[in-house]
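Visitor: Below: one structure in structure tokens.
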Amino acid sequence: MQPINKMKIQFDSKSANEAFARVVVSAFASQLDPTLEELAELKTAVSEAVTNSIIHGYEQMEGIIYMECRLFPESIEVIVRDEGVGIEDIEKARTPTYTSKPELERSGMGFSVMESFMDTLEIQSKVGKGTAIIMTKKFSQQKDRSFSSER
């Protein structure tokens, strides 16, 4: 299925840009008129993905984070990608409470949070090359609105 709209941005791997990414994805997704709860879940998942790129992908060093969004009639696909160190063991990284940075007092719940708030979560990573997080979220109101507008 072809997207009805799409966008790409890139920004520095600075913690201040985590909030920027949340605002951008929220504004873009608003075209589909999601509920406030759906927007909050989307923004939280994007926050986790961007934070992972900053802390784990680039290990607090400078780099670029790439974010791509594609809108479909009832959903959004978000890709957050970095060119950082990559993930050696994706299954281990997905384990709740596992963190590769315990000295930073990380909770190790990033992937679990993303998974709980999004409908799909795919992690692609190559050590030394970087990581891409591909997430999709369906918006429930789309069907309700099209039905009610026909009355």
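We did not get these values from a lab; they are worked out from the coordinates using the rules stated. Every value quoted in this text rests on a predicted model; they were computed, and no experiment measured them. Reconstructed Cβ throughout: ideal geometry from the backbone, glycine too, with neighbour counts over all protein chains shown.
Visitor: Could you give the nm distance between label points at Val23 and Glu59, where each point is 7 Å from its Cα heading toward the beta carbon?
Guide: Each label point lies 7 Å from its Cα, and together they span 3.2 nm.
Visitor: Put +1 on the Cβ of each Lys and Arg and -1 on the Cβ of each Asp and Glu in region 1-80; which of Ile54, Ile4, Val25 then has its Cα farthest toward the positive end of the dipole?
Guide: Final value for the positive-end residue is Ile4.
Visitor: Taking loop as defined by DSSP and a crowding limit of 12 other beta carbons within 10 Å, which GluC sites (Glu not before Pro) in region 27-86 fit?
Guide: Glu62
Visitor: Relative contact order of region 5-146, please, whole-number percent, based on alpha carbon pairs below 8 angstrom and at least 6 residues apart.
Guide: 28 percent
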